[in-house]
Amino acid sequence: MMPDLGKYADTVLSAYGASILLLIGLVAISLWRGRRVRAEMDALEKRMRRDG
Amino acid sequence: MAASEKLNSLWSYANPRKFLAVTERMLPGLWALSGACLIVGLIWGFFLTPDDYRQGSTVKIIYLHVPSALMAINGWLMMLVMSLIWLIRRHHVSALAARAAAPIGATMTVIALVTGAIWGQPMWGTWWAWDPRLTSFLILFLFYLGYMALWSAIEEPDTAADLTSVLCLVGSVFALLSRYAVNFWNQGLHQGASLSLDKKENVADVFYIPLLVCIAGFVLLFIALVFYRTGTEIRARRIRALEARERAGA
């Protein structure tokens, strides 16, 4: 159940919202780039093995 | 095992293959533990702790502000250690780890600045003040941006690692300054440390334990992200090397 944040509800919720958004964004971008680079490296290594 | 042998075994992690093998084994546990600490700490802090008699419910912002500020400063200090290892021992993994840590530290600095501003508006009556700690934190953020821009701007990776390492040494002054600004100048709006090894300076017990859990979550998340992103940087470097070899063979 949501706690009673009183007159500072907007303050507290906006601080949590902004921070959680930034943390999720950081993790998502890191994972997205990590997977992209890994796929690119695998494809390149495969191509180099095939071409000798 | 003698100290020199222990140190030599530590340097073996500078081998990219060994680093990737070890960190990939550790990462699932680190992700799970950091997620668990963050979820438990934030739920505990947000839902189960009382309001402060002066700050009201805004005290709940402490669970985000203090850990992120801590990681903003310590992230830069971690980059300093990695940069020194690069400058002295020329281990590529250390330079890439410093590069990988910069966006994480920059995000932590933004979280600390944003949550501080949001808290400051009702408590201090202003979003921002040119207070020593706030100003040194803003400068630290600019150093993070400059560090990342310098890495991207230089084509040759070893030169980029050299120059960013020097920038990191300079920026360390502001990382330390932002930690001790309140003590150095003893003026401005920002209060002293919320946590200290000296128990007298700590926040009240009811806020203390969830705060420690949140700090543990932020530290573990930082480590997990540095390991993961360093792995990405190692692979990106290998791609560049393979492409260069391919071009030379063509």
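Every residue, every condition in (1) at pLDDT below 95; (2) crowded, with 18+ Cβ neighbours inside 10 Å; (3) out of contact with any Ser or Thr (no Cβ under 9 Å at 6 or more places or on another chain), yes or no:
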{"position": "B:R17", "(1), (2), (3)": "yes, no, yes"}
{"position": "B:M26", "(1), (2), (3)": "no, no, yes"}
{"position": "B:A32", "(1), (2), (3)": "no, no, yes"}
{"position": "B:G35", "(1), (2), (3)": "no, no, yes"}
{"position": "B:L38", "(1), (2), (3)": "no, yes, yes"}
{"position": "B:I43", "(1), (2), (3)": "no, no, yes"}
{"position": "B:D51", "(1), (2), (3)": "yes, no, no"}
{"position": "B:P67", "(1), (2), (3)": "no, yes, yes"}
Give the range B:86-98 a look and list any residue that's in contact (Cβ under 8 Å) with a residue 24 or more places away in the chain and in a helix (DSSP H, G or I), or say none. B:W86, B:L87, B:R89, B:H92, B:V93, B:S94, B:A95, B:L96, B:A97, B:A98
Which of the residues belonging to the range A:1-19 are part of a helix (DSSP H, G or I), surrounded by 13 or more Cβ atoms within 10 Å (Cβ to Cβ) and in contact with a helix residue (DSSP H, G or I) (Cβ under 8 Å, 6 or more places away or on another chain)? A:Y8, A:A9, A:T11, A:V12, A:S14, A:A15, A:Y16, A:A18, A:S19
Failed criterion for A:W32 (all others in (1) under 30 Å from B:D52 (Cα atoms); (2) within 15 Å of the chain's Cα centre (by Cα) hold): (1)
Within the range B:36-68, of all residues that are in contact with a Cys (Cβ under 9 Å, 6 or more places away or on another chain) and within 11 Å of another protein chain (Cβ to nearest Cβ), the one nearest to B:V206 (Cα to Cα) is B:G45
State whether one or more residues within the range B:99-109 are facing another protein chain (nearest Cβ under 10 Å) and either free of Cβ contacts under 8 Å to residues at least 12 places away in the same chain or farther than 30 Å from B:R238 by Cα (or both). yes
Answer from A:L44, A:L26 - the residue that is facing chain B (nearest Cβ under 8 Å), in a helix (DSSP H, G or I), of a type outside the set (K, R) and closer than 23 Å to B:V110 by Cβ: A:L26
Does B:A129 count as surrounded by fewer than 23 Cβ atoms within 10 Å (Cβ to Cβ), aliphatic (A, V, I, L, M), more than 14 Å from chain A (Cβ to nearest Cβ) and not in a helix (DSSP H, G or I)? yes
Taking the residues in the range A:29-42 that are of a type in the set (G, A, S) and within 12 Å of B:Y228 (Cα to Cα) as candidates, determine which candidate is surrounded by the most Cβ atoms within 10 Å (Cβ to Cβ). A:S30
Counted residues in the range B:24-80 being farther than 26 Å from A:G34 by Cβ, of a type in the set (D, E, K, R) and in a helix (DSSP H, G or I) come to 1
Just a yes or no: is a residue in the range B:3-14 free of Cβ contacts under 8 Å to residues at least 60 places away in the same chain and closer than 30 Å to A:P3 by Cβ? no
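The values are calculated or read from the model by the stated rules, or taken from the named source; none is laboratory data. Everything numeric here is computed off the predicted structure, so don't read it as measured data. Don't worry about glycine lacking a Cβ; one is built from the backbone with ideal geometry, like all the others, and counts go over all protein chains shown.
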